[in-house]
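Read the structure below first, then the notes.
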Amino acid sequence: MTIHAFEPQTDSTVADSAAYDSAWAQTTTPTAQPDALERVFTADGKIYVVVAVLVIVWVGIMTYIYRTDQKIDALERRLDDSLSEGDA
């Protein structure tokens, strides 16, 4: 096995004493422009209205499912009670 000595590169464009992140300090982060729909919803906080409406709809659906389940349970109990009275 051959071990080679580490030789630092001297052709670097940034000084050796510069911090790593300072090499990228002058560059800008590329960002995509928002599309039309995104601009509409983020303008004036409309996205919060959309989220609120979605939450209300989901809560309504879950409440409806829960109440329907409770009613079905009550009907099943009544049916079981009436069947057990008929057997006795």
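Only the coordinates and a few stated rules stand behind these numbers; no lab work does. Note that the structure is predicted; figures quoted are calculated from it, not measured.
How much length would be gained if the chain were fully extended between residue 69 and residue 84, taking 0.36 nm per residue of separation minus their Cα-Cα distance, in nm to one decimal? Mind dumping the intermediate values first?
Working: separation 15, 0.36 × 15 = 5.40 nm, distance 2.24 nm.
Additional length available on full extension: 3.2 nm.
Could you state, as a whole-number percent, how many of the C-alpha pairs of segment 34-87 are farther apart than 19 Å?
58
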